[in-house]
Amino acid sequence: MLTISQALSHLTLRPILVMAIFLASILIFPLQSEGGSGDRQANYGLNTIGYEHHLNPLFKRTQRQTTKYIIVHTSEADLETTLKIVSVGKQDGASWISRGGHTHYVVDRLGAIYKILDEKYRANHAGLSMWKGETNINSVSVGIELVAYHNGEITDNQYRSVGHLIKALEKKYHLDDLSVLTHSQVAYAKPNEWVAYNHRGRKNCARNFSRAKAGLGQTSPYDPDVKAGRLLPDELLAAIYYPESFQFKRVELAGVHESRMALIGIAGESYNSPDTIYQLPSGFFISGNRVSEKIGWDSLPEGTIIYAFTSVE
């Protein structure tokens, strides 16, 4: 038979043991996938899941000074992988490529919103990007990752949640719908063996994002950096984002004997502008404002392809 002191000891230890098991379960088991049970927070009146405690402790928090844009991404992975990468970082074998902090929010397939990083800090989500000549996009934007693929489907629940989140962010930072862009719209690539100049097309991320389904108005009618000659265009992305105001006319030159007149006939007076792009048979691209200096109008080889922006307004 238990003594009174032994009985009291059992009564005292039981709640301590239960509490220890509960705390261990929290530490051992992460948030459940597809809208699991984590710490839910009130954020802009939205029911968000606090995931900031999963952030890599080696991630360096840097405060942002202003917010000009909201950048929408597709994560190109499932929820578990997405949460791991954006929070902990990316690995190449045993080597770390990054230390997390790759977005501010993740929206899963069921519409649950995970808060990864406080908006006041800079998230490394946009990489090499440019919009209106500004290249420090990470420091002036909030990043949102949709758990989806750029060639797949974004769910109605995701559109509903991300629409509410975007509207709340717009209100907080005094932005309009033109400030909401996708990663593929702003990303650009440096010259490589195929393209000789800075150009769009580095990312296809979120090119399937429907602004209308998220309750947003139209995007910019043109790419400001292509129009200003800072970047070469990407034909596919231009067709997706700017089909109503600008379109590509693609023509292959049959010869050079009447090149100047033929070019004017194809591209009009903008034949020598940064907006008109020439793809040489070798695969290299050159903008119209550089042809005279680098090649000469009478020396464009047969098989050169012209991509001309033609306004339809």
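Projecting label points 7 angstrom from Cα along Cα→Cβ for L236 and E293 puts them 3.1 nm apart. Per residue, the convex hull spanned by the Cα atoms of the range 133-183 measures out at 101 cubic angstrom. The calculated pair-distance distribution of the range 39-154 uses every alpha carbon pair, bins of 5 angstrom beginning at 0, and gives 2, 12, 21, 24, 22, 13, 5, 1, 0 percent. Backbone amide hydrogens, once placed in the peptide plane, bring L146 within less than 5 Å of H73, T74, S75, V107, excluding anything fewer than 5 places away on its chain. Couplings 3J(HN,Hα) for the range 141-156, derived from phi with the Karplus relation 6.51 cos²θ - 1.76 cosθ + 1.60 (θ = phi - 60°), are 9, 10, x, 10, 9, 9, 6, 6, 10, 5, 10, x, 10, 9, 6, 4 Hz, where x marks Gly and Pro. Here the simple spin-label model places points 7 Å from the Cα toward Cβ, and for Y173 and K120 these points are separated by 1.6 nm. In this structure, the amide hydrogen of K90, modeled 1.01 Å from its nitrogen in the peptide plane, lies closer than 5 angstrom to those of I97, S98, R99, G100, counting only residues at least 5 positions away or on a different chain.
Placing I113, I295 in order of accessible area, with the largest value first and a 1.4 Å probe, yields I295, I113. Karplus-derived 3J(HN,Hα) values for the range 54-65, using 6.51 cos²θ - 1.76 cosθ + 1.60 with θ = phi - 60°, are 8, 5, 4, x, 8, 5, 8, 7, 10, 6, 8, 9 Hz; glycine and proline are entered as x. The HN-Hα couplings worked out from phi for the range 180-188 by the Karplus form 6.51 cos²θ - 1.76 cosθ + 1.60 (θ = phi - 60°) are 9, 10, 9, 4, 5, 5, 9, 5, 9 Hz, whole numbers, x standing for Gly and Pro. Relative contact order of the range 49-147, taken over Cα pairs closer than 8 Å and 6 or more residues apart, is 39 percent. Between the amide H of G50 and those of D39, R40, Q41, K115, distances stay under 5 Å, these residues lying 5 or more places away or on another chain, with hydrogens modeled in the peptide plane.
Each Lys and Arg adds +1 at its Cβ and each Asp and Glu adds -1 at its Cβ; summed about the Cα centre, the range 151-248 shows a dipole of about 300 debye.
In the range 162-220, taking the dipole from charged Cβ atoms about the Cα centre, the farthest positive-side position among A212, W194, L178 is held by A212.
Excluding ligands, DNA and RNA, the accessible surface per residue across the range 56-174 is 45 Å² with a 1.4 Å probe. Computed over neighbours whose Cβ is under 9 Å from that of A187, the net charge equals +3, Lys and Arg +1, Asp and Glu -1. Note on the range 121-255: with neighbouring protein chains present and a 1.4 Å probe, carbon and sulfur make up 48 percent of its accessible heavy-atom surface. Against the criterion of solvent-accessible heavy-atom surface with a 1.4 angstrom probe, F284, F59 sort, most first, into F284, F59.
Ranked by solvent-accessible area (1.4 Å probe, protein heavy atoms only, all chains present), the residues D92, D234, D225, D176 order from largest to smallest as D92, D176, D234, D225. When the pairs K60/K84; K132/K227; K90/K132; K115/K213; K68/K171; K60/K171 are compared against a 19 Å limit on Cα-Cα distance, K90/K132; K115/K213; K60/K171 fall above it.
Against the compact-protein benchmark of 2.2 N^0.38 Å, the Cα-based radius of gyration of the range 93-196 scales to 1.18.
The values are calculated or read from the model by the stated rules, or taken from the named source; none is laboratory data. Since the model is a prediction, treat every value here as computed from it, not as a measurement. Ideal geometry is used to build each Cβ from the backbone, glycine not excepted, and the neighbour counts take in all protein chains shown. Just the protein is used for accessible areas: all its heavy atoms, side chains included, with ligands, DNA and RNA removed. Shrake-Rupley method; radii C 1.70, N 1.55, O 1.52, S 1.80 Å.
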